[in-house]
Amino acid sequence: MRWFPISRLGTSKAKLQLCETGSGSFQIEFPGLSLGISEDRRIMNPDYIFVYGTLRRDTNSEMSHLLAKHAEFVDDATYQGRLYKVDCYPGAVPSNDPNDMVQGEVYLLHQADIAFPLLDQYEEFGPEFFEPNEYRRQKQSVLLKSGRFVTAWVYVYNRPTEGLELVESANFIQQPL
């Protein structure tokens, strides 16, 4: 690997560096610039998470506070899927119909290595839970309110939806419990 300084960022002493990684690909880093994420994380591959139920800000739940501690709110967003009322919480499943859009929020995780084990436990995702897990954590494309698409982690409902109530508004926060 070879590093190439590219430019100064304003009056900052931090320099943008371009690293040739071989096969014509490059990696960009900002040496000396702390972004509040672990050293092994790459700036160009942030961990976004899309939440659509009890993790949203408006729920004021304990887990929404935990998420806020380890992440930063980015924007309101939609995910192409259908939303079901599982119990007093929702489950989203992907849909091929572009009119099926689940309402939610996107966060940038600053401490994914700390947050994901806690969130996985809450969402009953992992080998310690009965198969099939209630949710699968998957990377999905979501549309920010600003009009930009991002790839974000989504806890996708992983059980049959037959017999579950479809949330017509696609916004679980607006649903009466």
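Computed quantities for the displayed model
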| read-out | value |
| --- | --- |
| Any pair with Cβ under 9 angstrom, 6 or more apart, that starts in the range 58-72 at a residue that is under 16 Å from GLU123 (Cβ atoms) and in the same structural domain as LEU118 (by TED's automatic domain parsing) and ends at one that is part of a helix (DSSP H, G or I) and among the small types (Gly, Ala, Ser) | LEU66/ALA115; LEU67/ALA115; HIS70/ALA112; HIS70/ALA115; ALA71/ALA112; ALA71/ALA115 |
| Some residue of the range 149-158 being out of contact with any Gly (no Cβ under 6 Å at 6 or more places or on another chain), assigned to a loop (DSSP other than H, G, I, E, B) and assigned by TED's automatic domain parsing to the domain that holds THR59 | yes |
| Breaking point among (1) touching a strand residue (DSSP E or B) at 6+ places or on another chain (Cβ under 8 Å); (2) aromatic (Phe, Trp, Tyr); (3) exposed (fewer than 14 other Cβ atoms within 10 Å of the Cβ), for PHE125 | (3) |
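The values are calculated or read from the model by the stated rules, or taken from the named source; none is laboratory data. In this text, all values refer to a predicted model and were calculated from it rather than measured experimentally. Counting neighbours? That spans all protein chains shown, and the Cβs are built from the backbone with ideal geometry, glycine included.
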